[in-house]
Amino acid sequence: MSDDDVRTRFEACNRRLGEERRRPEYIPLHAAICRPEGPGGSILHDDLFGAYLGTSDYTQQFVSSVASSVTYAVAHYFLPDRGFVPSEHVNTLIQQVDGIAKELHRACAALPERIRLALRLPEVPDWWGTLFHLAWHFDRPFLRAARCRLMTQDDTHVVRVGESIMQEIGHSGRDVMPGLIFSRLDDEVFSASEAAVGLILDAIDNGRSAVPPLSAELLTRRLVQLKDQFQAASLGKVGGRKGGPKTKAKALRLSDSFTNPPATSWAALKYGGKVPQSTWPLNRLNADQEICQVVGPENDAFINLATIGGNTLPAESLSTPIFLPPVGRGTLKASAALPLNASGPVPRWLRFVFTTLLRHRPELVNISWHKANPACGLGTATLKPDVFAASVIALEIELASLGLAPTGANGRASGLIFDDPWDDCPHPPPAVGRYVRFQLDTTSAGGEQQWRPAWTWAEKPQDGWAECGTCGDGSLVLVATGSPPAVCDWLPRHWPARFYPLGTSVVHCEGWRSLVKSVFIDTADTIPPDDPRFGWQTLARTTREFAHHLGAVTLDRLTAPLPATRPEARREVLPLLDGIIAYQSRAGTKPNDEHPQGGRLQSNTPPRTGRPPDARKKEITEFARELRTRKVPWKSIPDAVFNKYGVKYSSETLRGYLKGG
């Protein structure tokens, strides 16, 4: 079923929901759910919801599925201020609700796999399980519900205690109904269902239409400004404090509150006191969640800057969870389904800082697991620098991926050192520029330098470069990370992925094929399909655009609907990758031409020097002039023009043509 067909079904359900809610005789109907999630949990009680709702006037139904091992109970009820409602009216209203709920459940079953994965929709037997899942994990108007437990207080009263409170602080009472999680919608069921349908429709639209990202130049400019602001705060130039800020950040991974102790007992988590503090949700999937506590005198200043930073980051900068997969000595296994990120700019910024440092500077993050039972899933990640300095380092790493890193003396760029030229480079040359090596730290733990490959298109590497990763047979081919700079005219203008090939020769196309195939064949199907690095949908769209840009496929193929599932995308993309290589081979490139450094040349056409053909002189001269306006060094321009036009000549000849107009 196509996206348009699924959208039509949900829109029809939304119209029915609105019509029922606007009926004069409609009385707002509310819903609650109870799920067994802890030891001894059972929904087989005579008055399951009475203590939770404070009334016995509700209609209850049990839901179970043998296939998915899901069991829960749902209660429908009216608020007490509605007074007495005749049973006939109650039964009629519930029948109307059930009719729409069944249609919504059938529509959810028809959703493409990429939408189900993006929303982490569970395999549940009815609409109510889906509705509460969306209300727990997405903060939307009219679509909110808190997970809680029923606890005794003073051995006489029954109170609702939020699951997050139980995980962070705990409670001195005991469970009224052990092992059960309760929840109720903040709004009546029709409004909540309309909001849930709107959320699903948004997911469908986001899945099939890509928003063009900011240009690398504009994004770089904004991130540089933001780095300067965090740098000023880190040096104590904000708020009038001397010696810099003392504001720290600690992320915590919390899990099952029935069997695990609260964080105050194992993670030194503290609340209250005179020192300003704030706690932020980072991501969640049912009982498993990550939060971050920021504590220090500059807490408010950090929130202001983090709000700006979170709104500046492009969507593809949203990171994977901090503790999934595990980092350091923890033994936690990767979840079959990744949690859903919390919304808001501050959580987005905190996720960015933590995951960037864990990926590139792990020595700056202290990972600690619950000592008594590391496998229980409880852990902390503490930033060793203050949160302002950590933000500066994360921004410098992000700027490096965009090809910009402010430098100091001796070619150093906030801990970056370049090895240029890279003698005996074993990799096939790029279409423009050259390969260099860099390191983020001066020495590794063993005291020896650890170099990483990079590509630069500028005369000085620090003026324009991108980190590279190896792929292909024997890991000979380099693929750049980040967003392509303007000099990459061999790529489409809006490149969707955060990896890109460094040429269009057969060997570079083979390297790109190896990267994409590894995602479709070797990577587990737990990564969101629109993930900018390893999402199957992103790479399917990117490969399609690359093929069209090279001329290997027509415009109709480019604009056709994207595959709806990972298997469909695999059946399209893998043959398309082979087709790209075959097309480039027919265009005059071969995969086995050796270059002097042991890699491969971009073309088997014999190099030619001297004056370019008169028919193309103007075109080539304008291309060279454009490269110079982009600050591409003269020594790289002949290779760029040779790669584009198949004509080799000296930079002195080109200089003469540019001077001659």
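The values are calculated or read from the model by the stated rules, or taken from the named source; none is laboratory data. Just so you know, these numbers come straight off a predicted model, no measurement behind them. Using ideal geometry, Cβ is built from the backbone for each residue, glycine included, and neighbour counts are taken over all protein chains shown. Please note that ligands, DNA and RNA were not included when accessible areas were found on the heavy atoms of the full protein model with its side chains. Shrake-Rupley method; radii C 1.70, N 1.55, O 1.52, S 1.80 Å.
Each peptide in 16-29, 258-271 receives the mean, over its residues, of other Cβ atoms within 10 Å, and ordering these scores from highest gives 258-271, 16-29. The order of the peptides 528-538, 543-553 by mean Cβ neighbours within 10 Å, most packed first, is 528-538, 543-553. Taking a point 7 angstrom from the Cα of Asp47 along the C-beta vector, which residues in region 121-163 have backbone N less than 20 Å away? Zone members listed by number: 149-161. Rounded to 0.05, the FRET efficiency of the Lys102 and Glu619 pair, given R0 = 56 Å and the Cβ-Cβ distance, is 0.30. A Cβ-based charge dipole, computed about the Cα centre of region 3-208 with Lys and Arg at +1 and Asp and Glu at -1, lands at about 340 debye. Element breakdown for region 3-208 at a 1.4 angstrom probe: carbon and sulfur atoms account for 49% of the accessible area. Counted by Cβ distance under 15 Å from Cys34, the other residues give a net charge of -1, where Lys and Arg count +1 and Asp and Glu count -1. Within the shell defined by Cβ-Cβ distances under 11 Å, the residues around Pro321 carry a net charge of +1, with Lys and Arg each +1 and Asp and Glu each -1. Computed from point charges on the beta carbon alone (+1 for Lys and Arg, -1 for Asp and Glu), the dipole magnitude for region 479-587 about its Cα centre is near 80 Debye. Taking 0.36 nm per residue of sequence separation and removing the Cα-Cα distance, the Asp57/Glu363 pair yields an extension gain of 104.4 nm. Averaged per residue, region 479-587 has 38 square angstrom of accessible surface, using a 1.4 angstrom probe with ligands and nucleic acids left out. Remark: region 457-463, residue by residue, has Karplus-estimated 3J(HN,Hα) of 10, 10, 5, 9, x, 5, 7 Hz, where x stands for each Gly or Pro and the curve is 6.51 cos²θ - 1.76 cosθ + 1.60 at θ = phi - 60°. When you count the other C-beta atoms within 10 angstrom of each residue and take the mean per peptide, 503-512, 173-182 line up highest first as 503-512, 173-182.
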